[in-house]
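What follows is one structure encoded as structure tokens, with my remarks underneath.
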Amino acid sequence: MQETNEIQSIVDIVKSCEDVILATNRLDEFPEARTVMNALNADATDLNLHFITNDDSPKMAQLRRNAKCCLYYFNADTRYAVRLLGEMRVIDNLDEKKKYWRDSFRDFGYSGADDANLTLLEFVPKSYKFYVGDEMKTGLV
């Protein structure tokens, strides 16, 4: 594991971004990237990050086939960026879903934390590369 201050710098970048680019591998093995909301990570204290998505979405089919993915955070104001490589896992525990539930998710058609189409994902990091100013660092988590 890397130094605590490096991980904290990455967490600070993650928390500063409203959105993140999630890259997965399509079923035809081509990469696919899309913007996803970062709202569940506004108070993150580590790099085990959480996201919601529709269970029937193309990204879920991709992640079920190959959980390896990349998260790319970029803060346009500071020009700081971080790339996290790891795997996404599905959290099926209803208590965990309730912990991350936000009433604003109803705007996306979810009825509650127990909605069958609501999937809670946890990103498990393996490595990173981040840029702060002219400095670039890489490491394993």
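The values are calculated or read from the model by the stated rules, or taken from the named source; none is laboratory data. Predicted model, so just to flag it, every value in this text is computed and none were measured. Cβ sites come from the backbone with ideal geometry, for glycine too, and all protein chains shown count toward neighbours.
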Scanning the range 127-141 residue by residue, those closer than 18 Å to L49 by Cα and either in contact with a Lys or Arg (Cβ under 7 Å, 6 or more places away or on another chain) or loosely packed, with under 13 Cβ neighbours inside 10 Å (or both) turn out to be Y128, K129, F130, L140, V141
Filter result for A67 (of a type outside the set (V, I, T) and surrounded by fewer than 17 Cβ atoms within 10 Å (Cβ to Cβ)):
no
Residue pairs, Cβ under 6 Å, 6 or more apart or interchain, first in the range 68-91 and in contact (Cβ under 8 Å) with a residue 24 or more places away in the chain and hydroxyl-bearing (S, T, Y), second crowded, with 20+ Cβ neighbours inside 10 Å and assigned to a strand (DSSP E or B). List them.
Y73/V20; Y73/V82
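In the range 18-30, is there at least one residue being under 27 Å from K137 (Cα atoms), at pLDDT 95 or above and not in a strand (DSSP E or B)?
Yes; the residues of the range 18-30 include at least one that is under 27 Å from K137 (Cα atoms), at pLDDT 95 or above and not in a strand (DSSP E or B).
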Listed residues L47, L40; which is within 13 Å of V14 (Cα to Cα) and in a helix (DSSP H, G or I)?
L40
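Can you tell which of L120, L84 is surrounded by 15 or more Cβ atoms within 10 Å (Cβ to Cβ), outside any loop (DSSP other than H, G, I, E, B) and in contact with a His (Cβ under 7 Å, 6 or more places away or on another chain)?
Step by step, each of L120, L84 is checked, and only L120 is surrounded by 15 or more Cβ atoms within 10 Å (Cβ to Cβ), outside any loop (DSSP other than H, G, I, E, B) and in contact with a His (Cβ under 7 Å, 6 or more places away or on another chain).
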Out of the residues in the range 105-135 that are out of contact with any helix residue (DSSP H, G or I) (no Cβ under 8 Å at 6 or more places or on another chain) and touching a residue at least 60 places away in the same chain (Cβ under 8 Å), state the one that is farthest from A67 (Cα to Cα).
A116
Kindly provide the set of residues from the range 73-126 that are farther than 22 Å from T24 by Cα and among the aliphatic types (A, V, I, L, M), ordered by number.
A76, L94, A113, A116
Here's a check for you: in the range 15-51, which residue that is among the β-branched types (V, I, T) and within 9 Å of the chain's Cα centre (by Cα) is nearest to D92 (Cα to Cα)?
V36
Complete set of residues in the range 10-53 that are touching a strand residue (DSSP E or B) at 6+ places or on another chain (Cβ under 7 Å), surrounded by fewer than 18 Cβ atoms within 10 Å (Cβ to Cβ), more than 13 Å from F74 (Cα to Cα) and polar (S, T, N, Q)
N25, N48
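Filter the range 94-117 down to the residues that are part of a helix (DSSP H, G or I), hydroxyl-bearing (S, T, Y) and touching a Leu at 6+ places or on another chain (Cβ under 9 Å) and list them by number.
Y100 - this is the single residue of the range 94-117 that is part of a helix (DSSP H, G or I), hydroxyl-bearing (S, T, Y) and touching a Leu at 6+ places or on another chain (Cβ under 9 Å).
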In this structure, does M37 turn out to be touching an Asp or Glu at 6+ places or on another chain (Cβ under 8 Å), without any contact (Cβ under 8 Å) to a residue 60 or more places away in the chain and at negative phi?
yes
